[in-house]
1. What are the residues in region 50-85 that are in contact (Cβ under 8 Å) with a residue 40 or more places away in the chain, part of a loop (DSSP other than H, G, I, E, B) and closer than 20 Å to S33 by Cβ, if any?
2. So, I56, is that one touching a helix residue (DSSP H, G or I) at 6+ places or on another chain (Cβ under 6 Å) and over 16 Å from C232 (Cα atoms) or not?
3. Kindly indicate the residue of region 196-218 that is among the aliphatic types (A, V, I, L, M) and within 22 Å of the chain's Cα centre (by Cα) and also nearest to G248 (Cα to Cα) among those meeting that condition.
4. When only residues in region 1-18 that are small (G, A, S) and open to solvent by 20 Å² or more (accessible area, probe 1.4 Å) count, which is nearest to V239 (Cα to Cα)?
5. Take region 91-115 and flag every residue that is more than 17 Å from A80 (Cα to Cα), surrounded by 15 or more Cβ atoms within 10 Å (Cβ to Cβ) and in contact with a helix residue (DSSP H, G or I) (Cβ under 8 Å, 6 or more places away or on another chain).
6. I want to confirm something. Restricting to region 226-253 and keeping residues that are charged (D, E, K, R) and open to solvent by 40 Å² or more (accessible area, probe 1.4 Å), which single residue is modelled with the highest pLDDT?
7. Would you check which residues across region 97-139 are part of a loop (DSSP other than H, G, I, E, B) and without any contact (Cβ under 8 Å) to a residue 60 or more places away in the chain and list them?
8. So how many residues does region 140-150 have that are open to solvent by less than 20 Å² (accessible area, probe 1.4 Å) and not in a helix (DSSP H, G or I)?
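The values are calculated or read from the model by the stated rules, or taken from the named source; none is laboratory data. The structure presented is a predicted model; accordingly, all values stated were derived computationally and were not measured. Here the Cβ positions follow ideal geometry from the backbone for every residue, glycine too, while neighbour counts run over all protein chains shown. Areas reflect the complete protein model, heavy atoms only, side chains present, ligands, DNA and RNA absent. Shrake-Rupley method; radii C 1.70, N 1.55, O 1.52, S 1.80 Å.
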Amino acid sequence: MVSLNSLFDLKNKVALVTGASSGLGRRAAIVLSAAGAKVIGVARRRDALEELRKEIGNSFSFVVGDVAQRDKIKNLLSEASKEFGMPDILVHAAGLNPRQTANEVTSEGWDKTLEINLSAPFFLSQAAISAMKERGWGRIVNFASLQSTRAFPGGLAYGASKGGIVQLTRAMAEEWSGDGICVNAIGPGFFPTELTKAVFDDSERAERNAMQTCIGRNGRLEDIDGPLLFLCSEASGYVTGQVLMVDGGFTSK
């Protein structure tokens, strides 16, 4: 008989989480560690990563790096893998939302947004995929968005990148799932993170967003725990190429 606990047990697994210094990336590192994984955090802010290591303990290591620097991806992965080995699980939580109108978007800003939000998840996965294939097991979780399917004001570059994430997730799943690697995406609603600070600083706007959900409230960090653990564990072994919207029903109304 199948043990339900074993479906979500990540012991003997190594997870790499980008954007681990704050927000949903930080939460992901904590949750995966609690489920038994050894977790590697990648972000640009050393002080925040050191604080997270104090909180999680010896099952957490980190590398300070910028996933937008494509030419350094392989070196970053090599450095990240020194303590625990190559990752079985990748969670691509690093993100950038410049919130610019069409007239404000610059070539540099456009490129940086797509590098972090869209290119980095692919190229980091590409660098890590050989080890997953050798093991015959892997989990890749991308981060989609409400703006993957809906247009928001000031969301040109961000929306384009998150629309691309949906198709990237499908294409990666088609390419790699035959090797035991499930590729899916989480589409968060409004959660209190650094990326959404401008939204939550405006209480009226935050309340309007909450009222657009079926549940009637905005997200809390702990709301991501179950969906993330599902997509990173054996429980999702027959789920791939999907986007799981964790938005309180925002996109259902």
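1. Passing the criteria: S81, E83, F84, G85.
2. Values: touching a helix residue (DSSP H, G or I) at 6+ places or on another chain (Cβ under 6 Å): yes; over 16 Å from C232 (Cα atoms): yes.
Against the criterion (touching a helix residue (DSSP H, G or I) at 6+ places or on another chain (Cβ under 6 Å) and over 16 Å from C232 (Cα atoms)), I56 qualifies.
3. As a first pass, look at region 196-218 and keep what is among the aliphatic types (A, V, I, L, M): 198-199, 206, 210-211, 215.
Next, from what is left, pick out any that are within 22 Å of the chain's Cα centre (by Cα): 198-199.
Working: A198: 20, V199: 17 Å.
If we take residues in region 196-218 being among the aliphatic types (A, V, I, L, M) and within 22 Å of the chain's Cα centre (by Cα), then V199 is nearest to G248 (Cα to Cα).
4. Out of the qualifying residues, it is S6.
5. Listed by number, the residues that qualify are G95, L96, N97, P98, R99, Q100, V105, G109, W110, T113, L114, E115.
6. Start the filter on region 226-253 by keeping residues that are charged (D, E, K, R), which leaves 234, 247, 253.
Still in the list and also open to solvent by 40 Å² or more (accessible area, probe 1.4 Å): 234, 253.
Details: E234: 97, K253: 87.
Only one residue tops the list, namely E234.
7. At the first step, the residues of region 97-139 found to be part of a loop (DSSP other than H, G, I, E, B) are 97-99, 101-106, 136-137.
Hits for region 97-139 are T101, A102, N103, E104, V105, T106, G136, W137.
8. Within region 140-150, the subset open to solvent by less than 20 Å² (accessible area, probe 1.4 Å) is 140-146.
Next, only the ones that are not in a helix (DSSP H, G or I) stay: 140-145.
The total comes to 6.
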